[in-house]
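The values are calculated or read from the model by the stated rules, or taken from the named source; none is laboratory data. Nothing here was measured: the structure is a model prediction, and the numbers come from that model. Cβ placement follows ideal geometry from the backbone for every residue including glycine, while neighbour counts extend to all protein chains displayed.
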Amino acid sequence: MKRLALLGWLLLPSAAVGQQQVGSLEPERRPEIAVGVVEHGANFHPLGERLFFPRTPPGVLVEGAEEDGTIDVQFVGRTAPLRILLKPQLAAKLQISTAGRTSFASVGAEWRQHVFHGRVYGQIGIGVTVIDGYRFTPDPFAPGLSREEAWRRYDIYRRRTSFGSRVLFNPNASLGVRVDHRWAIELAWEHFSHRQTFSETNPGIDNVGLRVVRVLGSRP
């Protein structure tokens, strides 16, 4: 009886630790993959003077808004956290336009903080992006153009944005909710611009969407 009592006393701390961990969804930080659907040109910027900007009427062209309202598909890969610089995850993203507009390929770092026993997390990041779109769209009003060439350029002018550079910066943020230890859903904001670093033309673009996240590897 004394031996059983001693064994129970020795196991009590372990049982208490196990009870404390029940309900926590924060996983051991491992690599992740994610896929999402993003509104391309969502007119949303959390640091802007206004959170939402009015849509332009149909047929009205505003510089920088030519691609607004289309849909992208985004693929994300993240490493396990590094043990330096507040433990960021390195991230690679490919955001592909489904409407023949600009697509984005980015690499960067993201920092995450869990709350509510790991069930919710906030994340901020910064990256560098290369686009397949236009630095400057061709001028449809240049003199000497044929009618066909002028119309071809005008179609590009009204549907595509001049970003002023093919290399952009990618500040981003997301809010995640864990479904279980493997799966999470993220509300994501992605901004692309170059802050007039490479040219005076810098309309920038803000994208908002949802991602489904999968933690890789088996639980310890």
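Tell me whether segment 135-156 contains one or more residues that are buried (at least 16 other Cβ atoms within 10 Å of the Cβ), touching a Lys or Arg at 6+ places or on another chain (Cβ under 9 Å) and in contact (Cβ under 8 Å) with a residue 60 or more places away in the chain.
Within segment 135-156, not a single residue is buried (at least 16 other Cβ atoms within 10 Å of the Cβ), touching a Lys or Arg at 6+ places or on another chain (Cβ under 9 Å) and in contact (Cβ under 8 Å) with a residue 60 or more places away in the chain.
Restricting attention to segment 77-101, which residues are more than 16 Å from residue 131 (Cα to Cα), in contact (Cβ under 8 Å) with a residue 24 or more places away in the chain and either in a strand (DSSP E or B) or among the acidic types (Asp, Glu) (or both)?
77, 78, 89, 91, listed by residue number.
Taking the stated definitions as given, is residue 196 surrounded by 15 or more Cβ atoms within 10 Å (Cβ to Cβ) and of a type in the set (S, T, N, Q)?
For residue 196, the condition - surrounded by 15 or more Cβ atoms within 10 Å (Cβ to Cβ) and of a type in the set (S, T, N, Q) - is not met.
Here's a check for you: in segment 44-63, which residue that is touching a strand residue (DSSP E or B) at 6+ places or on another chain (Cβ under 7 Å) and surrounded by 12 or more Cβ atoms within 10 Å (Cβ to Cβ) is modelled with the highest pLDDT?
Only one residue fits best here, namely 44.
For segment 118-131: of the residues being surrounded by fewer than 19 Cβ atoms within 10 Å (Cβ to Cβ) and of a type in the set (Val, Ile, Thr), which is farthest from residue 64 (Cα to Cα)?
Here the answer is 120.
Which of the residues spanning segment 65-76 are part of a strand (DSSP E or B) and not polar (S, T, N, Q)?
71, 72, 73, 75, 76
Restricting to strands (runs of 3 or more DSSP E) lying wholly in segment 140-220: which have 2 or more residues that are β-branched (Val, Ile, Thr)?
205-215
Looking at segment 67-117, which of the residues that are within 22 Å of residue 214 (Cβ to Cβ) and of a type in the set (Lys, Arg) is surrounded by the fewest Cβ atoms within 10 Å (Cβ to Cβ)?
Within segment 67-117, the match that is surrounded by the fewest Cβ atoms within 10 Å (Cβ to Cβ) is 87.
State all residues of segment 22-38 that are modelled with pLDDT of 70 or more and assigned to a loop (DSSP other than H, G, I, E, B); if no residue qualifies, say none.
Scanning segment 22-38 gives 29, 30, 31.
Would you be able to tell me the number of residues in segment 102-129 that are touching an Asp or Glu at 6+ places or on another chain (Cβ under 7 Å), within 18 Å of residue 192 (Cα to Cα) and either polar (S, T, N, Q) or part of a loop (DSSP other than H, G, I, E, B) (or both)?
Qualifying residue count for the region: 3.
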